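To start, the structure itself, in structure tokens.
The values are calculated or read from the model by the stated rules, or taken from the named source; none is laboratory data. Model, not experiment: these values are computed from the prediction. Cβ placement follows ideal geometry from the backbone for every residue including glycine, while neighbour counts extend to all protein chains displayed. Note: accessible area is taken over every heavy atom of the protein model, side chains too, but ligands, DNA and RNA are not part of it. Shrake-Rupley method; radii C 1.70, N 1.55, O 1.52, S 1.80 Å.
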Amino acid sequence: VLVITAPMWNFSVPAILKAWMDQVLSPGATFEISAQGVKGLHHIKKIILLTSSGGSYQKSDPKEHLLAEIKTAFGFVKIENVEAAWADGQNTFFFKDSKERKNRAIEEAKGLSDELYNT
Ligand SMILES: Cc1cc2nc3c(=O)[nH]c(=O)nc-3n(C[C@H](O)[C@H](O)[C@H](O)COP(=O)(O)O)c2cc1C
């Protein structure tokens, strides 16, 4: 399991996480391409994403490039199971319930951690 902890910056992953992904998600490191297609060169089966954002994004929101980027980039190397605990709506001007949203995400994260512990 790979745990990624990062906030949303400019609708996507922070540049430093993207820089790390660019190093790690490279041919010969975590995948290889042959006539048979893409093959993962790793043992990672699952990603747990712990994230937060000022705004709130529905699944199909075209502005949402954070979870979409993680799913696309890691899906390419055959890590397709991504679970997220997301404290969205953290901008207190727009979201009066930002504290509740954060607490909900913390509970979700605990649930994911329990799930991990029990498998
Ligand atoms: C450089 C920067 C860019 C940000 N871009 C976004 C954004 O595009 N969408 C959004 O909802 N929140 C955005 N935020 C808000 C952060 O996601 C939010 O502050 C963070 O998730 C909450 O964690 P914190 O308590 O560490 O600030 C941005 C924050 C910073 C500093």
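Note on Leu41: accessible area approximately 70 square angstrom, rounded to 10, probe 1.4 Å, nucleic acids and ligands left out. Applying 1/(1 + (r/R0)^6) with r as the Cβ-Cβ distance of Asp22 and Phe95 and R0 = 30 angstrom yields a FRET efficiency of 0.40. Secondary structure note: in the chain, about 25% of the DSSP beta bridges are antiparallel. Accessible area per residue for the chain is 66 Å², calculated with a 1.4 Å probe on protein heavy atoms, without ligands, DNA or RNA. Looking only at the stretch 6-46, which residues have a backbone nitrogen under 16 Å from a spot 7 Å from the Cα of Lys102 in the C-beta direction? Residues passing the 16 Å test: 6-8.
For the stretch 47-119, averaging the sequence separation of C-alpha pairs within contact (under 8 Å, six or more residues apart) and dividing by the residue count gives a relative contact order of 37 percent. Each Lys and Arg adds +1 at its Cβ and each Asp and Glu adds -1 at its Cβ; summed about the Cα centre, the stretch 14-119 shows a dipole of about 60 debye. Modelled spin-label separation between His43 and Asn10, with each label point placed 7 Å from Cα along the Cα-to-Cβ direction: 3.8 nm.
Taking Lys and Arg as +1 and Asp and Glu as -1, the other residues whose beta-carbon sits under 14 Å from that of Ala73 total 0. Of the peptides 85-92, 53-60, 28-35, the order by per-residue mean of other Cβ atoms within 10 Å, starting with the highest, comes out as 85-92, 53-60, 28-35.
Only helices enter this figure: runs of n ≥ 4 DSSP H residues, each worth -39500 (n - 2.57), summed and divided by the residues of the chain, yield -11000 deg cm²/dmol at 222 nm to the nearest 500. The mean sequence separation of alpha-carbon pairs under 8 Å and at least six residues apart, normalised by the residue count of the stretch 1-94, gives a relative contact order of 36 percent. When you work out D = kT/(6 pi eta Rh) for the stretch 2-119 at 37 °C and 0.692 mPa s, using the Kirkwood radius from C-alpha pairs as Rh and the Stokes-Einstein form, the result is 213 µm²/s. Pairs exceeding 27 Å between alpha-carbon atoms, taken from Lys39/Lys63; Lys63/Lys102; Lys18/Lys78; Lys18/Lys102; Lys18/Lys96: Lys39/Lys63; Lys18/Lys96.
Rounded to the nearest whole Å³, what is the per residue volume of the convex hull around the Cα atoms of the stretch 42-82?
Dividing the Cα hull volume of the stretch 42-82 by its residue count gives 71 Å³.
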